[in-house]
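Remarks on the structure that follows.
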């Protein structure tokens with residue numbers, strides 16, 4: 001019976017059961033999009049990543065799926081994919097190149113961390129849809145938007161204590177985007193949380209792609225290029241960030257939780 005290797009990785013953490021879980025499935029050739037989506041739905045994790053070698057050493061085509069849709073960009077599942085290649089599949093060089101819907105994405109090893117080189121997505125001023133204003137429960141100081149809405153709040157405790165009303169937020173369709181809530185941090189430079197209305201997993205534990213907008217914003221606000229960040233979900237995750245102009249660098253660590261096989265008839 002044909003089978004597909006599967007790994008489950010906790011990304012942006014050095015502790016099991018923390019960070020953001022991702023499934024990683026190495027493939028020899030692409031399956032149909034329908035089958036990839038069915039596998040992601042069956043896994044029911046925030047993201048399932050699939051990659052296929054291009055034939056050039058260290059280069060892979062990479063795609064990401066939530067249980068419902070294919071995503072245009074995903075940080076934690078990219079970090080998890082590089083972790084599997086470097087720690088389980090024998091790639092012993094310090095850099096991996098992924099070919100994706102969002103272009104060429106580089107991941108390189110820096111001591112114990114893996115660092116994503118992602119496109120910056122600076123957010124610009126925006127008006128707040130009434131469903132978001134009501135559903136978040138606390139009105140932000142400032143509203144911006146890139147792929148995601150970026151809501152700026154006064155302090156970390158507001159972010160930590162947010163209790164969004166999903167029944168209200170689900171009235172708005174933001175696919176493939178979401179809602180970032182952020183504030184200046186107490187022990188790190190900034191903190192955030194990330195919510196995806198209408199998705200089966202409402203709060204994403206640690207969202208690398210959201211930092212494509214968070215990093216340019218906080219770099220300008222704080223006058224710093226290098227920063228640390230926490231995502232304050234129940235699982236929590238730590239990210240090491242750098243503003244590199246039209247790119248952002250997002251560093252973190254991973255732990256492998258599971259290794260097995262998917263049997264596809």
Report task. Find the residue count for segment 172-196, including only residues that are more than 14 Å from residue 218 (Cα to Cα) and either modelled with pLDDT under 95 or crowded, with 17+ Cβ neighbours inside 10 Å (or both). Result -> 12
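Quick grid of which residues meet (1) assigned to a strand (DSSP E or B); (2) in contact with a helix residue (DSSP H, G or I) (Cβ under 9 Å, 6 or more places away or on another chain):
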site: 177; (1), (2): no, no
site: 180; (1), (2): yes, yes
site: 183; (1), (2): yes, yes
site: 193; (1), (2): yes, yes
site: 197; (1), (2): no, yes
site: 201; (1), (2): no, no
site: 206; (1), (2): no, yes
site: 209; (1), (2): no, yes
site: 214; (1), (2): no, no
Requested in this report: Give me a count of the residues in segment 77-121 that are outside any strand (DSSP E or B), in contact (Cβ under 8 Å) with a residue 40 or more places away in the chain and within 15 Å of the chain's Cα centre (by Cα).
Outcome: 8
Report summary line: For residue 220, the lone unmet condition from (1) in a strand (DSSP E or B); (2) without any contact (Cβ under 8 Å) to a residue 24 or more places away in the chain is (1)
Query raised in the report: In segment 161-175, how many are touching a strand residue (DSSP E or B) at 6+ places or on another chain (Cβ under 8 Å) and in a loop (DSSP other than H, G, I, E, B)?
Result: 3
Query raised in the report: In segment 122-142, what residues are under 21 Å from the mean Cα position of the chain (by Cα) and part of a strand (DSSP E or B)?
Result: 124
Requested in this report: Please find, among 29, 23, 49, 41, the residue that is farther than 17 Å from residue 101 by Cβ, assigned by TED's automatic domain parsing to the domain that holds residue 90 and in contact with a helix residue (DSSP H, G or I) (Cβ under 7 Å, 6 or more places away or on another chain).
Outcome: 23
Query raised in the report: Going by the conditions given, is residue 92 outside the structural domain of residue 231 (by TED's automatic domain parsing) and more than 23 Å from residue 199 (Cβ to Cβ)?
Result: yes
Query - Check on residue 72, more than 20 Å from residue 247 (Cα to Cα) and either modelled with pLDDT under 95 or in the same structural domain as residue 237 (by TED's automatic domain parsing) (or both) - result: no
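The values are calculated or read from the model by the stated rules, or taken from the named source; none is laboratory data. Not measured: the values here are computed from a predicted model. In this analysis, Cβ positions are derived from the backbone assuming ideal geometry, glycine residues included, and neighbour counts consider all displayed protein chains.
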